[in-house]
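Notes follow the structure.
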Amino acid sequence: MADRGPHPTLRIKGEKSHSLLGKKIVLGVTGSIAAVRTVELARELIRHGADVYGVMSEAATEIIHPYTLHYATGHEVITRLMGKIEHVEFLGMQGSADLYVIAPCTANTLNKIATGVSDTTVTAFATTAFGSGIPVIVVPAMHETIYRSPVLIENIKKLKQLGVTVIEPKIEEGLAKIASTEEIILVVERTLSAGKLAGKRVLITGGPTIEPVDSIRVLTNRSSGRTGIELAREAYRQGADVTLVHSKELNLRMIREIRVETAEEMIDACINELRKAKANGGKEKEYDALISAAAISDFSPELHDGKLPSGAELHLTLVPTRKLIEEVRQEFPELVIVGFKAEVKVSDEELIEKARAKMKKYNLAMVVANDLANGGMGTAENEVYILRRGKDEVKYMKGAKAMIAVEIINELSGLL
C-alpha cells in the first residue's frame, strides 16, 4: 500500500503558535462525561505545535470511541498495554514524551494514582511518569459532592506534594466541571516553557481607562487591552506570578485580575499592590517588575451628577490625571519598570528620541514605542520599537501582539 503521508489532523500543527513546537504530550482520558472535551483539547495542543498521543482507560472508551481520539491527535490511541510496553516507551527513564496530562481525571483515577494503584492504562502511565520524573498535570472533573470528599481532598494534596500540577475544576450547577481548554493550554505552556520568569512577581496594567462625564456618559480611548492581556499570558507562561490591572475581563484563574475603570482607580490599585507587597515583611513576595501597558487617560472631566441634558452645546472642563510611572518611580526607586510611549504621525527618529527621553526621565528599564498612525490601538497587530536600558540597539518588531509580548517578556527576563 502506498504511503499516504501524515494524518490530515496534523495539517493544523503550529497554526496558532509555536509555543509547544517539538514537545510530545501524552493525553490520558478517563471515564468522565467531560471526555467529550478531549477532542477540542487535543487539537488546540496541536495548533500550538505539540505532538499529542492519546491513552484511554476502558471506562473512557464508553464515553468516546478511540477512533475519535485518533482523529483528534493524528496518532493511534493506546487502550491497553501491549508488547511494546507503551507506558515505558513514552514515560519511562528514556521516555520520548515531555509531559503527561490526564484530562479529564475522574475521582477514581485520581485516588488510584495517589495511592500507587496501576490497574488501567492511564494509571500505569502515571506511575511510570512518577518514576522517571516526567511532569504530570491532572485535570479533575466530577460531581461536586465527590470533589468535596475528604479522601479526595487528601489525595489531591498528596499529588501536589509529589509535584503534580492539579488544575482545579470550576464549581457550577453542582458539578466540579473540567477547567477551560484555554486554562489547560496555558498551564501546559508554563510547564514546558524555559521558565524565564520563574519565581518572579509581575504587575501589569492594560487597556483603556474610562472617565465618567455624568451618570451615563464616559470619555475613553480606542485601546482594546490586547497588549496587556498578551503580556500577562506570556509572563505566566514563563513562570511569573502575575497580577493584571485593567478594565477588561480575562477570566483565567491563574492570572489575578484587578478590575478598574478610571485612571484614578488604576493608579491607586497599582500603588496599593506595590505597597501591600512591600509591607508584608516577607509573607508576600514583593513585585519584581511593573509593565505599564495601559492607555491611561491624560485628562478626566469634572463629574456631573445625574444625566446632562442633550440637545444643547456643552463645554467640558478637563483636568490632568496623575501619572502612574511618575508616582511609582518616586515611591519605589529600585523597581524595574517597563513603559510604553505612543505618538501620532512622527518620524521614526523622533519617536525613538521621545522614548529615550521618557526612559531617562523615569529611569525605566525598557520602553516600547509606537506610532498610532500606523495602527496598534484597538487592533490585533502592532508595529513597535523596543528600547532597553544600557543598550544602544533599538529592536523593531511588526506583527501580532502575542508575538510582540513574547519578545517584551524575553527582554524583561534579562533585566530581572
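Just so you know, all these numbers are worked out from the coordinates, no wet-lab data involved. Quick caveat: nothing in here was measured; it's all calculated off a predicted structure. Backbone-built Cβ (ideal geometry, glycine too); neighbour counts: all protein chains shown.
Toward the positive end of the charge dipole of the range 289-375, about the Cα centre and with charges on Cβ (Lys, Arg +1; Asp, Glu -1), which of N370, A312, L290 goes farthest? Result: L290, furthest along the dipole toward the positive end. With a ≥ b ≥ c the root eigenvalues of the C-alpha gyration tensor of the range 188-266, is it rounded (a/c under 1.5), prolate (a/b larger than b/c) or oblate? It is prolate, given that a/c is not under 1.5 and a/b is the larger ratio. The candidate values are (i) 26.9; (ii) 19.9; (iii) 21.7; the one derived from this structure for mean projected area of the Cα convex hull in nm² carries the label (i). Only helical runs count toward this figure. For the chain, summing -39,500 (n - 2.57) over DSSP H runs of n ≥ 4 and dividing by all residues gives -10000 deg cm²/dmol at 222 nm. Simple spin-label estimate for L415 and K360 gives 1.7 nm between the two label positions (7 Å along the Cα-to-Cβ direction from each Cα).
Is the range 12-192 best put as rounded, prolate or oblate by its Cα gyration tensor, with a ≥ b ≥ c the root eigenvalues, rounded for a/c under 1.5, and otherwise prolate when a/b is larger than b/c, oblate when not? Cα axes put the range 12-192 in the rounded bin.
Of K24/K248; K196/K341; K23/K276; K16/K361; K23/K285, which ones are farther than 29 Å apart at the Cα? Check vs 29 Å cut-off fails for K24/K248; K23/K276; K16/K361; K23/K285. Segment E264..K391, full-extension length gain: 42.4 nm, with 0.36 nm per residue of separation and the alpha-carbon distance subtracted.
Peptide packing for 307-320, 265-278 was compared via the average number of neighbouring C-beta atoms within 10 Å per residue; ordered from the highest value, the list is 265-278, 307-320. Taking 37 °C and 0.692 mPa s as conditions, the range 225-368 diffuses translationally at an estimated 190 µm²/s according to Stokes-Einstein applied to its Kirkwood radius (Cα pairs). Of all complete DSSP H helices in the chain, those with a Cα span along the helix axis of 15 Å or greater and a mean Kyte-Doolittle hydropathy of 0.0 or more are 121-132, 181-192, 401-413.
Of the residues A126, P150, T181, the one whose Cα sits farthest towards the positive end of the charge dipole of the range 68-182 is P150 (charges of +1 on Lys and Arg Cβ, -1 on Asp and Glu Cβ, taken about the Cα centre). Charging the Cβ of each Asp and Glu at -1 and of each Lys and Arg at +1, and nothing else, the dipole of the range 12-192 about its Cα centre rounds to 280 debye.
With each label modelled as a point 7 angstrom along the Cα→C-beta vector, the E302-S215 pair spans 2.0 nm. Placing a label point 7 Å from the Cα of A198 along the Cα-to-Cβ line, no residue of the range 45-83 has its backbone N under 14 Å from it.
Taking every C-alpha pair closer than 8 Å and separated by at least 6 residues, the mean separation divided by the residue count of the chain gives a relative contact order of 10 percent. Would you please state which residues of the range 89-131 a label at K160 would reach in this model, taking the label point 7 Å out along Cα→Cβ and a backbone N cut-off of under 16 Å? Inside the label zone: 111, 114. Overall, the chain carries a charge dipole of about 840 debye about its Cα centre when +1 sits on the Cβ of Lys and Arg and -1 on the Cβ of Asp and Glu, all other atoms neutral.
Positive-end ranking of L244, L162, S57 along the dipole of the chain, with charges on Cβ about the Cα centre, is headed by L162.
One chain, two ends: E313 and R148. Fully extended at 0.36 nm per residue, the span grows by 53.3 nm beyond their Cα-Cα distance. Computed from the C-beta positions of A400 and T115 and an R0 of 45 Å, the FRET efficiency is 0.50 to the nearest 0.05.
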